[in-house]
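The values are calculated or read from the model by the stated rules, or taken from the named source; none is laboratory data. Remember, predicted model here, so these are calculated numbers, not experimental data. In this analysis, Cβ positions are derived from the backbone assuming ideal geometry, glycine residues included, and neighbour counts consider all displayed protein chains. The accessibility values were calculated without ligands, DNA or RNA, using every heavy atom of the protein model including side chains. Shrake-Rupley method; radii C 1.70, N 1.55, O 1.52, S 1.80 Å.
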Amino acid sequence: QLQLVESGGGLVQAGGSLRLSCAASGSRFEINDMGWYRQAPGKQRELVADITSGGGTNYAGSVKGRFTISRDNARKMVYLQMNSLKPDDTAVYYCYANQVRGPVERQFTVDFWGQGTQVTVSS
């Protein structure tokens, strides 16, 4: 069973930077996509950025140009470099990964989530 553990959250002033890390472990299956989601108080969880196994990336419009997602397949880790942080970035950030299971004729996707790490940006 795949486990995801986030680290790197904390308190930072507006304009500052943080780097989030997520370590994956505990599964024999290959990891397909990985990403970062966040949930602010009173709001739904939203996609921040994701990255495919081949390195293709996608970003939410609100973070494009400020955040960078990357992954190290050998170490089974994904990172989120967050620059020029704003108070609106304050949220719990969750690591996400999925795996494709089953034979080609009957494939399905399994999603996994980390426990989250708090990011607080003060004004």
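Considering only region 1-64, give the strands (runs of 3 or more DSSP E) lying wholly within it that have at least 1 residues that are modelled with pLDDT of 95 or more and touching a Cys at 6+ places or on another chain (Cβ under 6 Å).
Strands (runs of 3 or more DSSP E) meeting the threshold: 3-7, 18-25.
State all residues of region 92-123 that are of a type in the set (Gly, Ala, Ser), assigned to a loop (DSSP other than H, G, I, E, B) and more than 17 Å from Leu47 (Cα to Cα); if no residue qualifies, say none. Steps first, answer last, please.
Going through region 92-123, the residues of a type in the set (Gly, Ala, Ser) turn out to be 97, 102, 114, 116, 122-123.
Subset that is assigned to a loop (DSSP other than H, G, I, E, B): 102, 114, 116, 123.
Gly102, Ser123, listed by residue number.
Please state which of the following conditions Tyr59 fails to meet, knowing it meets all the rest: (1) free of Cβ contacts under 8 Å to residues at least 12 places away in the same chain; (2) exposed (fewer than 12 other Cβ atoms within 10 Å of the Cβ).
Of the numbered conditions (1) free of Cβ contacts under 8 Å to residues at least 12 places away in the same chain; (2) exposed (fewer than 12 other Cβ atoms within 10 Å of the Cβ), the odd one out for Tyr59 is (2).
Give me a count of the residues in region 25-36 that are of a type outside the set (Asp, Glu) and under 19 Å from Thr68 (Cα atoms).
Adding up the residues that qualify gives 4.
One residue is enough: does region 80-91 have a residue meeting the conditions within 11 Å of the chain's Cα centre (by Cα), in a strand (DSSP E or B) and in contact (Cβ under 8 Å) with a residue 40 or more places away in the chain?
Yes, because at least one residue in region 80-91 is within 11 Å of the chain's Cα centre (by Cα), in a strand (DSSP E or B) and in contact (Cβ under 8 Å) with a residue 40 or more places away in the chain.
So Arg71 passes all but one of these: (1) without any contact (Cβ under 8 Å) to a residue 40 or more places away in the chain; (2) touching a strand residue (DSSP E or B) at 6+ places or on another chain (Cβ under 8 Å); (3) closer than 19 Å to Ser123 by Cβ; (4) not polar (S, T, N, Q). Which condition number does it fail?
For Arg71, the failing item is (3).
For Phe67, indicate whether it is of a type in the set (Phe, Trp, Tyr) and open to solvent by 60 Å² or more (accessible area, probe 1.4 Å).
no
Being assigned to a strand (DSSP E or B) and of a type in the set (S, T, N, Q) is the filter here; which residues of region 65-79 pass it?
Result: Thr68, Ser70.
Output the residue which, of all residues in region 14-53 that are over 16 Å from the mean Cα position of the chain (by Cα) and closer than 26 Å to Gln1 by Cβ, is most open to solvent (accessible area, probe 1.4 Å).
Arg28
Kindly check whether there is at least one residue in region 94-106 that is under 18 Å from Leu18 (Cα atoms), in contact with a strand residue (DSSP E or B) (Cβ under 7 Å, 6 or more places away or on another chain) and modelled with pLDDT of 95 or more. Show your work before the answer.
Filtering region 94-106 for residues under 18 Å from Leu18 (Cα atoms) gives 94-95.
Filter again for in contact with a strand residue (DSSP E or B) (Cβ under 7 Å, 6 or more places away or on another chain), leaving 94-95.
Now narrow it down to the ones that are modelled with pLDDT of 95 or more: 94-95.
Yes: one or more hits.
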